[in-house]
Every structure is written in C-alpha cells, then in structure tokens.
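Asks: Can you read through this structure? Questions will come right after.
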Amino acid sequence: MNRSLHVSVNSQITLFYAVHYTPIYRLFPPFFVQNKAHLPLVTILLYTVYGIPSVYYGSEFGIEGQKEQGSDWNLRPALSLADYADAHENNEITKLCRKLGQLKKEYAELTNGTYQELILTNRQFAFGRILDGKECISALNCDDAQASFEIPLCCQNATAKELLDQEAVLYEVTDRQTLKVTLPANTGTVFYVE
C-alpha cells in the first residue's frame, strides 16, 4: 500500500481499489481470502484505504464463483436484483458495504485524509486517515482469537467513537494518548478520533 500511496499522493492520481482480485476465483480459496470470516475485513480495507472503492459485480452480496473449463460464467452469474431486495437488512456484507459507503460520504478523512500506518503485525493491522487534526482509524484483527492492542493517536486530549456499531468491540482512550482496543476474532471496525 505504501507504494500505491506514493503514486497517489505525489502525482495526484485517484486510485481505484477493487474487491475482485483474480480472473479465476472471486474472493474465496485458494488464492485470496482463505477464511470467509475475513471477507468483512477485506471490505473494511476496500472502503477505508486511500482511493475509490470499486466493488466487483456481486461481491456486495458475497457471491462466490470459480472459473471452470475456461468459462467465466460462474464468476459472473446472472443476478436478479429482486432476489436481493432485502440484502441491505439480511446480508452482512451488503449491510457493511452500505454502512461503509455512508461513512465515506460523512467523514472526509476517509476520502481526503493522509494515510498513516499505526499497527502492523502478522495478525493485526491499524491505520489512520488524518485530516485537519482529526482521524478515522481502521483496526483489524485477522486472528482466530481475540486481540488487544494500543493504537497511537494523532490528537491530544482525544475522544474516540466506534463507527460500525460493533457491540463486541471494547475501546478506551488512555492517558498516554493511545486507543486501547480489544477486537473479537476476525473482526474489524472504524473509529473516529477528534
């Protein structure tokens, strides 16, 4: 991402990021998302890194597919939107895409904010999008176990608000100007800090 950030910032090019990563498989095994519980995490990344999110046909519904015998038909099934009329209420990925789209409109930090990597391990990742002394922080736990970690904040005397209404996410701003976060297994969220 840092290489893409360098291109985007230094040349004023707007990058498009897509959920569709290979011409052979949609998101699932064996190439990209090996654990279906990670699909919401990929979706959070898609909407909160720099650039414009581009959701590949059907991915907003979590549709699976695999290229077989040289044919792309399984990757691009015919969809009847009537079959997905209540997806915004009953499909977790569709609800997440909708919520993240609303956040992208409401919080300029997610579109125009400077990217800053805050935490990077082999199981957890947090980054901020900083604009005018405020930031949106995306925090992801890609582990199959709960994880707790502290995220450095850009703001002094900050307050934080969790934006995805994840009831199981625990957080507090510490006196060391960090955001102490506990995320359940395979969970991600976005915080607004000011």
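The values are calculated or read from the model by the stated rules, or taken from the named source; none is laboratory data. This is a predicted model, so every value here is computed, not measured. Ideal geometry is used to build each Cβ from the backbone, glycine not excepted, and the neighbour counts take in all protein chains shown. The accessibility values were calculated without ligands, DNA or RNA, using every heavy atom of the protein model including side chains. Shrake-Rupley method; radii C 1.70, N 1.55, O 1.52, S 1.80 Å.
Asks: Check 137, 130 and return the single one that is without any contact (Cβ under 8 Å) to a residue 40 or more places away in the chain and among the β-branched types (Val, Ile, Thr).
Replies: On the way: 137 fails: without any contact (Cβ under 8 Å) to a residue 40 or more places away in the chain.
After ruling out the rest, the residue left standing is 130.
Asks: Give the residues of segment 63-94 that are over 19 Å from residue 39 (Cα atoms), among the acidic types (Asp, Glu) and open to solvent by 60 Å² or more (accessible area, probe 1.4 Å), sorted by residue number.
Replies: The answer is 68, 83, 86.
Asks: Can you report the number of residues in segment 68-78 which are under 25 Å from the mean Cα position of the chain (by Cα) and either over 13 Å from residue 58 (Cα atoms) or of a type in the set (A, V, I, L, M, F, W, C) (or both)?
Replies: Qualifying residue count for the region: 1.
Asks: List every residue pair whose Cβ atoms lie under 6 Å apart, where the two residues are 6 or more positions apart in sequence or sit on different chains, the first residue falls within segment 161-185 and is within 23 Å of residue 36 (Cα to Cα), and the second residue, located anywhere, is aliphatic (A, V, I, L, M) and loosely packed, with under 14 Cβ neighbours inside 10 Å.
Replies: Going by the 6 Å Cβ cut-off, the qualifying pairs are 184/168; 185/145.
Asks: Quick one: which strands (runs of 3 or more DSSP E) sit completely within segment 97-178 and have at least 1 residues that are aliphatic (A, V, I, L, M), farther than 15 Å from residue 192 by Cα and open to solvent by 30 Å² or more (accessible area, probe 1.4 Å)?
Replies: Per the criteria, 114-120.
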